[in-house]
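*Asks:* Mind looking over this structure? Questions follow.
The values are calculated or read from the model by the stated rules, or taken from the named source; none is laboratory data. For clarity, every value in this text was computed on a predicted model and none was experimentally measured. Counting neighbours? That spans all protein chains shown, and the Cβs are built from the backbone with ideal geometry, glycine included.
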Amino acid sequence: MTRTALVTGGTRGIGAAISRALKTAGYNVAANYAGNDEAAAKFKQESGISVYKWDVSSFESCAEGVKKVEAEVGPVDILINNAGITRDVPFHKMTLDQWNAVINTNLGSLFNMSRQVIEGMRTRKFGRIVNISSINGQKGQFGQVNYSASKAGDIGFTKALALETARGGITVNAICPGYINTEMVQAVPKDVLEQKILPQIPVNRLGEPEEIARTVVFLAADESGFITGSTLTVNGGQYLT
């Protein structure tokens, strides 16, 4: 039996690497995306992975989207909650909209998505949920009160849900990437990257999206059933827990 994996934010950056790696590992894969139709179409053409557009911050949209995925690809056995946004600004200048947008997308989506698949996983007595948090959810970051709060919340969500689902064959784990070589990091000025960011990373380089993807594939495997409630740090030694 081939298991089905659903990756939110799965057509760009870390999410695209995760989607590709899961397909290579033999899973049926569906990739969700929010708004970049051009990037999603290119990803679909290059990878052969089905793409589905909906807003993960909306419970109703998630319900409709997952229903469509399960009808066309198969019941979701593996959920990768990867979708996330930033609205960086010092807290004393942060607006309610900037707070809500980040919390609803980065944290609210874990409820919105996991709630759609958890009953099916319970019935089948198998499930893998992997939540992509962040190093900044562990240590905090200037100008990211909203983002750091949402990513710290992802870790708490992971631990609590792991306890609830452990006896049912469902594991729930989190991954906290550090600085990864994606479009967002590539947009950082070269001098800032070389003088301020890389010196903080003991391995002296950025991580690659494929390194996060390999961690996801490991946690998604049937053989990883004894790992649950864990937070894996993939940050080159920048922050040690």
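*Asks:* What are the residues in the range 44-60 that are polar (S, T, N, Q) and either touching a Cys at 6+ places or on another chain (Cβ under 7 Å) or over 26 Å from G26 (Cβ atoms) (or both), if any?
*Replies:* Residues satisfying the conditions are S57, S58.
*Asks:* Looking at I170, I212, I135, I197, can you tell me which residue is touching a strand residue (DSSP E or B) at 6+ places or on another chain (Cβ under 7 Å), surrounded by 14 or more Cβ atoms within 10 Å (Cβ to Cβ), aliphatic (A, V, I, L, M) and under 30 Å from K93 (Cα atoms)?
*Replies:* I135
*Asks:* Answer yes if at least one residue in the range 46-56 is surrounded by fewer than 16 Cβ atoms within 10 Å (Cβ to Cβ), closer than 26 Å to L107 by Cβ and modelled with pLDDT of 95 or more, and no otherwise.
*Replies:* yes
*Asks:* Against the condition at negative phi, without any contact (Cβ under 8 Å) to a residue 12 or more places away in the chain and either surrounded by 17 or more Cβ atoms within 10 Å (Cβ to Cβ) or touching a helix residue (DSSP H, G or I) at 6+ places or on another chain (Cβ under 9 Å) (or both), how does N81 come out, does it pass?
*Replies:* Taking the combined requirement at face value, the residue does not satisfy it.
*Asks:* If you don't mind, there's one more thing I want to ask. Limited to the range 154-197, what total is found for residues that are among the aliphatic types (A, V, I, L, M) and more than 28 Å from L219 (Cα to Cα)?
*Replies:* As a first pass, look at the range 154-197 and keep what is among the aliphatic types (A, V, I, L, M): 155, 160-163, 166, 170, 172, 174-175, 180, 184-185, 187-188, 192-193, 197.
Now restrict to residues that are more than 28 Å from L219 (Cα to Cα): 187-188, 192-193, 197.
Selection size over the range 154-197: 5.
*Asks:* On to the next question. Failed condition for C176, given (1) assigned to a strand (DSSP E or B); (2) surrounded by fewer than 22 Cβ atoms within 10 Å (Cβ to Cβ), with all others met?
*Replies:* Unmet condition: (2).
*Asks:* Does the range 220-237 contain any residue that is over 15 Å from G13 (Cβ atoms), buried (at least 20 other Cβ atoms within 10 Å of the Cβ), within 16 Å of the chain's Cα centre (by Cα) and of a type in the set (A, V, I, L, M, F, W, C)?
*Replies:* yes
*Asks:* Filter the range 104-147 down to the residues that are among the hydrophobic types (A, V, I, L, M, F, W, C) and more than 14 Å from the chain's Cα centre (by Cα), then identify the one that is nearest to L6 (Cα to Cα).
*Replies:* V117
*Asks:* Here is a follow-up. Of all residues in the range 179-197, count the ones that are closer than 26 Å to G9 by Cα and part of a helix (DSSP H, G or I). Spell out how you get there, then give the answer.
*Replies:* Restricting attention to the range 179-197, the residues satisfying the condition of being closer than 26 Å to G9 by Cα are 179-189, 193, 197.
Right, trim to part of a helix (DSSP H, G or I) and you get 183-186, 193, 197.
The number of residues fulfilling the criteria is 6.
*Asks:* If you don't mind, there's one more thing I want to ask. Looking only at the range 188-206, count every residue that is within 18 Å of T233 (Cβ to Cβ) and either touching a residue at least 40 places away in the same chain (Cβ under 8 Å) or within 23 Å of the chain's Cα centre (by Cα) (or both) and tell me the total.
*Replies:* Of the residues in the range 188-206, 4 are within 18 Å of T233 (Cβ to Cβ) and either touching a residue at least 40 places away in the same chain (Cβ under 8 Å) or within 23 Å of the chain's Cα centre (by Cα) (or both).
*Asks:* Follow-up. Could you tell me whether the range 166-179 includes any residue that is charged (D, E, K, R) and touching a residue at least 40 places away in the same chain (Cβ under 8 Å)?
*Replies:* no
*Asks:* Which condition does L22 not pass, out of (1) under 17 Å from E208 (Cα atoms); (2) surrounded by fewer than 20 Cβ atoms within 10 Å (Cβ to Cβ), if it passes all the others?
*Replies:* The single condition L22 does not satisfy is (2).
*Asks:* Determine, yes or no, whether E183 is charged (D, E, K, R), more than 23 Å from V76 (Cβ to Cβ) and either in contact with a Ser or Thr (Cβ under 8 Å, 6 or more places away or on another chain) or surrounded by fewer than 19 Cβ atoms within 10 Å (Cβ to Cβ) (or both).
*Replies:* Spelling it out, E183 is indeed charged (D, E, K, R), more than 23 Å from V76 (Cβ to Cβ) and either in contact with a Ser or Thr (Cβ under 8 Å, 6 or more places away or on another chain) or surrounded by fewer than 19 Cβ atoms within 10 Å (Cβ to Cβ) (or both).
*Asks:* Kindly indicate the residue of the range 26-60 that is closer than 20 Å to T2 by Cα and of a type in the set (G, A, S) and also nearest to the chain's Cα centre (by Cα) among those meeting that condition.
*Replies:* Looking at the filtered set, the residue picked out is A31.
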